[in-house]
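Visitor: Encoded as structure tokens, here's the structure I'll be asking about.
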Amino acid sequence: MSFVFVSFFDFPVTFWSCSLFPMMPVVPVLSAVSLALLSLCPTALSARRDVLELGDADFDYLATEHETMLVKFYAPWCGHCKKLAPEFEKAASRLKGLVQLAKVDCTANSDTCGRFGVTGYPTLKIFRSGKDSAPYDGPRTANGIYNYMKKQTGPDSVHLKSKEDLQNFVNNYDASIVGVFSGTEALRLAEFLKAASLLREQFRFAHITDLQISEEHTQTESVLLFRPPRLSNAFEDSVVVFKDYLTISSLRRFIRDHIYGLCPHMTVENRDRLRVRDLLTAYYDLDYHHNVRGSNYWRNRVMKVASKYAGRGLMFSVANKGDFQAELEDDYGLGTSDGVELPFVTIRTKLGHKYTMREEFTRDGQSLERFLEDYFAGRLKRYIRSEPVPEKNTAPVKAVVAESFDEIVNDPDKDVLIQFYSPSCPHCKRLEPVYRELAETLYSDTNIVIAKMNAVENDVPLGYDVQGFPTIYFAPVGKKDDPVRYQGTRELKDFLKFLKREASHNLVLPGFKDEL
């Protein structure tokens, strides 16, 4: 029989060990205060228990017991994993009984993680009856995970059997795609259902097999896209009719081209899908749950201007500034006091270029029009997030910031090896002495530079795909637009072999001539 002695703020309590006797009640010994503090434990423990912990020994056995399961593969030291953990636990509690959420510690269960191709953390995958079904590409907030995984349950497409069913289905916070068919044996119904199965993770699907139900919108077989009622406006139709021949590809294109309309509501969940295009966003106190009219006040003013620039390759959107406050501060240098209650306006291109409207947003839209005219004329200066340029930079490993990247890394006369790192990354810290030794070894070679940049505090330039740390690229003379990613082991000799092979000149390698 096991006991644990715990002190909360100097109030000692003895109770049965929860890990060994989960069903035993807590037995306080000394203090009512201690009892009150301990009464808080079950909630936290319950949230954690809602996330199933799996490992090499039991993954296959336990995973097959769940029809649909979302599994998080993680490492305890990973900063992104720590940030995700509380959101994942909240989502698990809300999805209890619908979808099981689970986690695997890859530092202790390498066989399972290797078997499912896990190479970075956190990696999320959807399993169905124990089989790897699809990668999870959805949002990583509690609400986002909940909404995304809830769509994984139930039919791919809801069968609507009355006009009331149709009205209830489309009267939703999100857009709806409804297939209209003359009967259950309609030729294209099967194709529509296949498309719904493939796209259900992103969109809501339903179908009708009685043309009279949808006669208000169409008299023939077709697909209807209903935009959310909360986004109804005078600048575009609320219902769009698909008129092409129905295939999975043609329906996918139709949804892609029309789902968002002239000015969608950007959220944390859909921002990545919106940002595949050049995107202008107006950030303000938007709240479609509690203040639809107020939220549409500024959106209508954006849309009035947007309608004048349709077809010029720029998409427009609105967003809640609170949801993106950290991004506004870190990526654009905009604080909470900038603009007061007026919208902040930014442009982010699909290539990652960023611009901010510094003039105050006027209610007549004239300032927004001036901003757009300057943007299309190429008169705007890009915003670049950068640490200060170091006053001294004489160490063997050169410090690079966003403002000095072109000067150092894109120097047309130098080969440059550049490491993108995070100050909190343990792999980066382990690499540091090896990387420094590499720089010292090559210090006498004036044609090559060994450099590093804090990718957390500086914008990473185009052409460099940095998804984890450390990420290392080589930008040789004559190929600055096509840097080579280093994927070898992080040992001195391997770095030198790589550089000897890729460098634009013969390396000066004192003491290594015969070994490489």
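The values are calculated or read from the model by the stated rules, or taken from the named source; none is laboratory data. Remember, predicted model here, so these are calculated numbers, not experimental data. All Cβ positions, glycine included, derive from the backbone under ideal geometry; neighbour counts span all protein chains shown. In case anyone asks, the SASA skips ligands and DNA or RNA and just uses the protein heavy atoms, side chains included. Shrake-Rupley method; radii C 1.70, N 1.55, O 1.52, S 1.80 Å.
Visitor: So how many residues does region 423-434 have that are open to solvent by 10 Å² or more (accessible area, probe 1.4 Å), among the aliphatic types (A, V, I, L, M) and under 29 Å from the mean Cα position of the chain (by Cα)?
Guide: Number satisfying all stated conditions: 0.
Visitor: Quick one: which residue in Y74, Y61 is of a type in the set (S, T, Y) and either in contact (Cβ under 8 Å) with a residue 40 or more places away in the chain or touching a helix residue (DSSP H, G or I) at 6+ places or on another chain (Cβ under 6 Å) (or both)? Walk me through it before giving the result.
Guide: Details: Y61 fails: either in contact (Cβ under 8 Å) with a residue 40 or more places away in the chain or touching a helix residue (DSSP H, G or I) at 6+ places or on another chain (Cβ under 6 Å) (or both).
That would be Y74, the only listed residue that is of a type in the set (S, T, Y) and either in contact (Cβ under 8 Å) with a residue 40 or more places away in the chain or touching a helix residue (DSSP H, G or I) at 6+ places or on another chain (Cβ under 6 Å) (or both).
Visitor: Only helices (runs of 4 or more DSSP H) wholly contained in region 188-287 count here; list those with 1 or more residues that are under 24 Å from Y309 (Cα atoms) and of a type in the set (D, E). Please lay out each step first, then the result.
Guide: Numbers: elements: 189-199, 248-258, 271-274.
Those helices (runs of 4 or more DSSP H) span 248-258, 271-274.
Visitor: Might you check whether a residue that is assigned to a strand (DSSP E or B) and of a type in the set (G, A, S) occurs anywhere in region 396-408? Outline the logic, then answer.
Guide: In the first step, residues of region 396-408 are kept if they are assigned to a strand (DSSP E or B); the result is 397-400.
In the following step, the residues that additionally are of a type in the set (G, A, S) were identified as 399.
So far as region 396-408 goes, yes, one or more of its residues are assigned to a strand (DSSP E or B) and of a type in the set (G, A, S).
This table checks each residue for (1) of a type in the set (A, V, I, L, M, F, W, C); (2) under 30 Å from N291 (Cβ atoms); (3) crowded, with 16+ Cβ neighbours inside 10 Å.
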| residue | (1), (2), (3) |
| --- | --- |
| Y173 | no, yes, no |
| I177 | yes, yes, yes |
| A186 | yes, no, yes |
| F205 | yes, yes, yes |
| Q219 | no, no, no |
| L225 | yes, yes, yes |
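Visitor: For region 149-160, give me the residue count where each residue is open to solvent by 20 Å² or more (accessible area, probe 1.4 Å) and either assigned to a strand (DSSP E or B) or in contact (Cβ under 8 Å) with a residue 40 or more places away in the chain (or both).
Guide: In the first step, residues of region 149-160 are kept if they are open to solvent by 20 Å² or more (accessible area, probe 1.4 Å); the result is 150-151, 153-156, 158-159.
Now narrow it down to the ones that are either assigned to a strand (DSSP E or B) or in contact (Cβ under 8 Å) with a residue 40 or more places away in the chain (or both): 150-151, 153, 156, 158-159.
Going through region 149-160 one residue at a time, the tally reaches 6.
Visitor: Counting only residues that are in a loop (DSSP other than H, G, I, E, B) and either open to solvent by 60 Å² or more (accessible area, probe 1.4 Å) or touching a strand residue (DSSP E or B) at 6+ places or on another chain (Cβ under 9 Å) (or both), how many does region 137-148 have? I'd like the intermediate steps shown before the answer.
Guide: Going residue by residue through region 137-148, those that are in a loop (DSSP other than H, G, I, E, B) are 137-141.
Checking which are either open to solvent by 60 Å² or more (accessible area, probe 1.4 Å) or touching a strand residue (DSSP E or B) at 6+ places or on another chain (Cβ under 9 Å) (or both) leaves us with 137-138, 140.
So the answer is 3.
Visitor: Could you pull out the residue among K90, K103, K72, K125 that is closer than 28 Å to P155 by Cα, within 20 Å of the chain's Cα centre (by Cα), of a type in the set (K, R) and in a helix (DSSP H, G or I)? Let's see the steps before the verdict.
Guide: On the way: K103 fails: in a helix (DSSP H, G or I); K72 fails: in a helix (DSSP H, G or I); K125 fails: in a helix (DSSP H, G or I).
Result: K90 is the single residue among K90, K103, K72, K125 that is closer than 28 Å to P155 by Cα, within 20 Å of the chain's Cα centre (by Cα), of a type in the set (K, R) and in a helix (DSSP H, G or I).
Visitor: Still on this structure, please answer the following. Could you list, in sequence order, all residues of region 66-122 that are among the aliphatic types (A, V, I, L, M) and out of contact with any strand residue (DSSP E or B) (no Cβ under 9 Å at 6 or more places or on another chain)?
Guide: In the first step, residues of region 66-122 are kept if they are among the aliphatic types (A, V, I, L, M); the result is 69-71, 75, 84-85, 91-92, 95, 98-99, 101-102, 104, 108, 118.
Passing the criteria: only A108.
Visitor: For the list (1) touching a residue at least 12 places away in the same chain (Cβ under 8 Å); (2) open to solvent by less than 70 Å² (accessible area, probe 1.4 Å), I need the number of the one condition that G117 fails.
Guide: (1)
Visitor: Assess whether E329 counts as being open to solvent by 80 Å² or more (accessible area, probe 1.4 Å) and within 30 Å of V466 (Cβ to Cβ).
Guide: Details: open to solvent by 80 Å² or more (accessible area, probe 1.4 Å): yes; within 30 Å of V466 (Cβ to Cβ): yes.
So E329 fits the description; yes.
Visitor: Still on this structure: Take the residues in region 490-509 that are open to solvent by 80 Å² or more (accessible area, probe 1.4 Å) and in a loop (DSSP other than H, G, I, E, B); name whichever of them is modelled with the lowest pLDDT. It would help to see each step written out before you state the result.
Guide: In the first step, residues of region 490-509 are kept if they are open to solvent by 80 Å² or more (accessible area, probe 1.4 Å); the result is 490-491, 493, 497, 500-501, 506.
Filter again for in a loop (DSSP other than H, G, I, E, B), leaving 490-491, 506.
Numbers: R490: 93, E491: 95, N506: 90.
Among those residues, the one meeting the criterion is N506.
Visitor: Would you be able to tell me the number of residues in region 271-311 that are under 22 Å from the mean Cα position of the chain (by Cα), under 15 Å from P228 (Cβ atoms) and open to solvent by 20 Å² or more (accessible area, probe 1.4 Å)?
Guide: Qualifying residue count, region 271-311: 1.
Visitor: Exactly one condition in (1) in contact (Cβ under 8 Å) with a residue 60 or more places away in the chain; (2) outside any helix (DSSP H, G or I); (3) open to solvent by less than 50 Å² (accessible area, probe 1.4 Å) is not met by F420; state its number.
Guide: Tallying (1) in contact (Cβ under 8 Å) with a residue 60 or more places away in the chain; (2) outside any helix (DSSP H, G or I); (3) open to solvent by less than 50 Å² (accessible area, probe 1.4 Å), F420 fails exactly one: (1).
Visitor: Say whether the condition of being part of a helix (DSSP H, G or I), touching a residue at least 40 places away in the same chain (Cβ under 8 Å) and aromatic (F, W, Y) is met by at least one residue in region 327-338.
Guide: Quick first cut of region 327-338, residues part of a helix (DSSP H, G or I) only: 327-332.
Still in the list and also touching a residue at least 40 places away in the same chain (Cβ under 8 Å): 328, 330-332.
From what's left, aromatic (F, W, Y): 332.
Scanning region 327-338, I find at least one residue that is part of a helix (DSSP H, G or I), touching a residue at least 40 places away in the same chain (Cβ under 8 Å) and aromatic (F, W, Y), so the answer is yes.
Visitor: Among E164, E191, which is in contact with a helix residue (DSSP H, G or I) (Cβ under 7 Å, 6 or more places away or on another chain), modelled with pLDDT of 90 or more and open to solvent by 20 Å² or more (accessible area, probe 1.4 Å)?
Guide: Numbers: E164 fails: in contact with a helix residue (DSSP H, G or I) (Cβ under 7 Å, 6 or more places away or on another chain).
Step by step, each of E164, E191 is checked, and only E191 is in contact with a helix residue (DSSP H, G or I) (Cβ under 7 Å, 6 or more places away or on another chain), modelled with pLDDT of 90 or more and open to solvent by 20 Å² or more (accessible area, probe 1.4 Å).
Visitor: Regarding D111, is this residue closer than 25 Å to C425 by Cα, part of a loop (DSSP other than H, G, I, E, B) and either open to solvent by 40 Å² or more (accessible area, probe 1.4 Å) or touching a residue at least 40 places away in the same chain (Cβ under 8 Å) (or both)? Can you show your working first?
Guide: Details: closer than 25 Å to C425 by Cα: yes; part of a loop (DSSP other than H, G, I, E, B): no; either open to solvent by 40 Å² or more (accessible area, probe 1.4 Å) or touching a residue at least 40 places away in the same chain (Cβ under 8 Å) (or both): yes.
In short, no.
Visitor: A further question on this structure: With respect to K103, is the statement that it is in contact with a Lys or Arg (Cβ under 7 Å, 6 or more places away or on another chain) and either over 21 Å from P470 (Cα atoms) or open to solvent by 20 Å² or more (accessible area, probe 1.4 Å) (or both) true? Working first, answer last.
Guide: Values: in contact with a Lys or Arg (Cβ under 7 Å, 6 or more places away or on another chain): yes; either over 21 Å from P470 (Cα atoms) or open to solvent by 20 Å² or more (accessible area, probe 1.4 Å) (or both): yes.
It is true that K103 is in contact with a Lys or Arg (Cβ under 7 Å, 6 or more places away or on another chain) and either over 21 Å from P470 (Cα atoms) or open to solvent by 20 Å² or more (accessible area, probe 1.4 Å) (or both).
Visitor: So, in region 435-484, of the ones that are part of a loop (DSSP other than H, G, I, E, B) and among the polar types (S, T, N, Q), which residue ends up surrounded by the most Cβ atoms within 10 Å (Cβ to Cβ)?
Guide: N458
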